[in-house]
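The values are calculated or read from the model by the stated rules, or taken from the named source; none is laboratory data. None of these values were measured; they are calculated from a predicted model. We place every Cβ from the backbone using ideal geometry, glycine too, and count neighbours over all the protein chains shown.
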Amino acid sequence: MSEPRIRLRGLRKSFGEKRVLDGVDLEVAAGTSLVVIGGSGSGKSVLLKCVLGLIEPDAGTIEIDGVDILALDARARRAARAAIGMLFQNGALFDSLPVWENVAFGPLARRTLARRDARAFAARILASVGIADSVGTLYPSALSGGMQKRVALARAIAGEPAILFFDEPTTGLDPIVGAIIDQLVVDCVKRLGSTAIAITHDMASARRIGDRAAMLHHGRIVWDGPAARLFDSGNAIVDQFTHGRSEGPITMELRR
Amino acid sequence: MLDLLAAVGRGVIGACRATGAASLFGLEGLLGILRPPLQPRLFGRAFVEFAYFSLPVVALTAIFTGMVLALQSFTGFARFNAEGAVANVVVLSITRELGPVLAGLMVAGRVGAAMAAELGTMRVTDQIDALATLSTDPMKYLVAPRLAAGIIALPLLVVVADILGVMGGFLVGTVSLGFSVPTYLHNTFTFMQTGDVVSGLIKAAVFGFVIALMGCYHGYHSRGGAEGVGSATTAAVVSASILILALDYLLTQIFFVR
Ligand SMILES: Nc1ncnc2c1ncn2[C@@H]1O[C@H](COP(=O)(O)OP(=O)(O)OP(=O)(O)O)[C@@H](O)[C@H]1O
Ligand SMILES: [Mg+2]
């Protein structure tokens, strides 16, 4: 099998006493998408932020195309990360900038796009996520949650990154808009030929987006398999999670 | 007893660490100003935010300070029959000391707090992280323009404060204290030296830097949602105000005591 695009080995991260990641091993093959599931606070967002270089892991390696990015110098790391597009959990749109400037931000910063072409460029990307050009001049605070997610998606894909991360792209949206966003995510990944990691709590969405799925629990990957097998994984932890049962191996702190 | 020592020690170590971290942060920001490309658009926005919107506050502060200064020094000096020195006292105090310090304190409350709140909100909503994922260095994009704006804008505000402060003294002196217009003006300008004004403007540049630095530093490192942003804002104003007063003493020592 060819080199995976992303490979994590023994990734650990603690905040003070609290161990969030405790030896995560994960591989994502080029051109496929992986869905990561796991309870609230299990460290899914921290995992993505480690790969993005926003959080420094305590131990472990992060390889992208076989290169351990933690061993690179700051400049080379930045270059490696420029290849990753990220949709943040809460959108993280720049609220001091209008929508079109949010979308064109990455290409403008990299100087691959001239400022006078930015409006038209943004309009094209926005159209691809189903947002009318007239929205471009609004500020993010004037948009509904679903529109903000779509604009954030547009911003993440605008640089045509080889790797895309989606942190809960559909949380807090109604089922129809959620399904549309899922479809957009799948389309974007297909169109760009990107490799993707998506975090989600929504099992329907997990099966729509993912080729493969992995479950993060107590700081480790406890199951890893085809996304279609999420409901009959044969793993008690995954079973409890995907079926949303209150009885099972996962116990909440409050019941201890 | 040992507990007490330990607590004091922890406090001192914490303070040293914070000072070191803030200094490194400031240094990185300053390097960000010098490193190309220049960001005229961002600087312009930060400058307007800093200078233009602070103008009314600083102007009012300066006028009333000049007025009260004339009144106080007149009644005080009357005891020594030295009322003639009022104009000198006003112009020297304003340009050397009160212009930069009061403008600095007022602006710290206004602009320092606003910077901390803005950057703090960007931090807790992941916008600063988002910048980094979009090939943009937050130090260069957010911090450097604000530091530059502080260094340039506060001296300009202090020029305005100097003029208005002296004018306030002049109004009180001529209208209610009975000085003649030519005498008051003469006393003002013959005793004023370039060094007085320039030292005040240098102070202002330092204070402007400190205000922007504290606003950015505390905002940038805020955590924990809306409450975290609130305490970052308070910390920015308090630390900038104390630093202004301490640095004022230090700079005065350097400028005037040989
Ligand atoms: N910068 C930080 N400092 C301290 N603790 C942190 C930090 N970031 C995350 N944590 C902690 O790490 C744990 C995992 O957080 P994370 O955001 O990764 O959860 P998550 O799996 O994404 O949950 P959710 O599904 O609710 O988004 C949480 O307990 C959180 O409190
Ligand atoms: Mg999360």
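Mind listing whichever residues of the range A:90-110 are part of a helix (DSSP H, G or I), more than 8 Å from every other protein chain (Cβ to nearest Cβ) and surrounded by 23 or more Cβ atoms within 10 Å (Cβ to Cβ)? Scanning the range A:90-110 gives A:99, A:100, A:102, A:103. Of all residues in the range A:166-188, those that are more than 15 Å from residue A:207 (Cβ to Cβ) have Cβ atoms under 7 Å from Cβ atoms of residues that are in a loop (DSSP other than H, G, I, E, B) and away from ligand 2 (no atom under 16 Å from the Cβ), 6 or more apart or on another chain, in A:184/A:129. Checked against (1) away from ligand 2 (no atom under 16 Å from the Cβ); (2) in contact (Cβ under 8 Å) with a residue 60 or more places away in the chain, residue A:198 passes all but condition (1).
I'd like to know if the range B:28-39 contains one or more residues that are out of contact with any helix residue (DSSP H, G or I) (no Cβ under 9 Å at 6 or more places or on another chain) and assigned to a helix (DSSP H, G or I). No, that holds for no residue. Restricting the range A:150-167 to residues that are assigned to a strand (DSSP E or B) and within 17 Å of residue B:131 (Cβ to Cβ), the residue that is farthest from ligand 2 (Cβ to nearest atom) is A:165.
Of all the residues in the range A:89-120, those that are within 16 Å of ligand 1 (Cβ to nearest atom) and free of Cβ contacts under 8 Å to residues at least 24 places away in the same chain number 1. For the range A:186-207, what are the residues that are more than 16 Å from ligand 1 (Cβ to nearest atom) and surrounded by fewer than 20 Cβ atoms within 10 Å (Cβ to Cβ)? Residues satisfying the conditions are A:186, A:187, A:190, A:191, A:192, A:193, A:204, A:207.
Yes/no per residue for (1) within 10 Å of chain A (Cβ to nearest Cβ); (2) in a helix (DSSP H, G or I); (3) touching a Ser or Thr at 6+ places or on another chain (Cβ under 9 Å):
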| site | (1), (2), (3) |
| --- | --- |
| B:99 | no, yes, yes |
| B:103 | no, yes, yes |
| B:106 | no, yes, yes |
| B:118 | yes, yes, yes |
| B:122 | yes, yes, yes |
| B:135 | yes, no, no |
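For residue B:159, state whether it is β-branched (Val, Ile, Thr), more than 12 Å from chain A (Cβ to nearest Cβ) and surrounded by 20 or more Cβ atoms within 10 Å (Cβ to Cβ). The answer is no for residue B:159. Across the range B:124-154, which residue is nearest to residue B:216 (Cα to Cα) among those that are surrounded by fewer than 24 Cβ atoms within 10 Å (Cβ to Cβ) and among the charged types (D, E, K, R)? Among residues in the range B:124-154 that are surrounded by fewer than 24 Cβ atoms within 10 Å (Cβ to Cβ) and among the charged types (D, E, K, R), the one nearest to residue B:216 (Cα to Cα) is B:140. Exactly one residue out of A:131, A:84 is at pLDDT 85 or above and either touching a strand residue (DSSP E or B) at 6+ places or on another chain (Cβ under 8 Å) or acidic (Asp, Glu) (or both): that is A:84.
Is at least one residue of the range B:187-197 assigned to a helix (DSSP H, G or I) and surrounded by 22 or more Cβ atoms within 10 Å (Cβ to Cβ)? No, the range B:187-197 has no match at all. Scanning the range A:37-64 for residues that are more than 12 Å from ligand 2 (Cβ to nearest atom) and either outside any loop (DSSP other than H, G, I, E, B) or of a type in the set (A, V, I, L, M) (or both) turns up A:50, A:51, A:52, A:54, A:55, A:59, A:60, A:61, A:62, A:63, A:64.
Can you tell me which residue within the range A:168-194, out of those that are β-branched (Val, Ile, Thr) and more than 16 Å from ligand 2 (Cβ to nearest atom), is farthest from the chain's Cα centre (by Cα)? It comes out as A:176. Contact map, the range B:232-258: residues that are over 30 Å from residue B:118 (Cα atoms) paired with residues that are in a helix (DSSP H, G or I), Cβ distance under 7 Å, separation 6+ or inter-chain. Pairs shown: B:251/B:203; B:251/B:206; B:255/B:199. Per this entry, residue B:115 is not counted among residues that are crowded, with 20+ Cβ neighbours inside 10 Å, over 21 Å from residue B:54 (Cβ atoms) and in contact with an Asp or Glu (Cβ under 9 Å, 6 or more places away or on another chain).
Inspection of the range B:89-106 identifies no residue that is in contact with a strand residue (DSSP E or B) (Cβ under 9 Å, 6 or more places away or on another chain) and without any contact (Cβ under 8 Å) to a residue 40 or more places away in the chain.
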